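The values are calculated or read from the model by the stated rules, or taken from the named source; none is laboratory data. This is a predicted model, so every value here is computed, not measured. We place every Cβ from the backbone using ideal geometry, glycine too, and count neighbours over all the protein chains shown.
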Amino acid sequence: MVLDLVHYVINNHPDIHVTVLDKLTYAGNRENFAGLPEDRFELVVGDIADAELVNKLFSKTDAVVHYAAESHNDNRLKNPYPFLHANILGTYALIEACCKYDVRYHHVSTDEVYGNLSLREDLPGKGEGIGEKFAVEIPYNPSSLYSSTKAGSGFRSTCKSVSAFF
């Protein structure tokens, strides 16, 4: 998803410089960004929870799209800490820096924060039709460490954006 957004922005908005902050752990690959124009793209290898690094980067940007997450559920069985570190502490560092430097913030989450949505046999498409599985009124109902930390990240994003106006 991040790579798709980077390519879209580079290809369709020639006036925008893109910086990606990525820890390049098991899910990251520097080669994914090969061939992007060096004058419009920068890959910074680092941790989103590193407030000093995040502040340095955000002091010279105007928008952030937060895709970062520790997401491989099986890894939580061995060590749950990276989920809390990236998804909660990392989100905190990003939001604080966005507020400090008046940077626009977009939070990308996952459908997993809603838990398992059951099929609705009472609907015309038996729960498979357009708009039948999800509605904005559906509350968060995370069912794993990953989805609960992403829900926490989402709640933190919402709380900060709402409270910033008061």
Within the range 128-145, does at least one residue satisfy the condition of being outside any loop (DSSP other than H, G, I, E, B) and either surrounded by 14 or more Cβ atoms within 10 Å (Cβ to Cβ) or modelled with pLDDT of 70 or more (or both)? yes
Could you tell me whether the range 103-124 includes any residue that is surrounded by 14 or more Cβ atoms within 10 Å (Cβ to Cβ), outside any loop (DSSP other than H, G, I, E, B), at pLDDT 70 or above and of a type in the set (Ser, Thr, Tyr)? yes
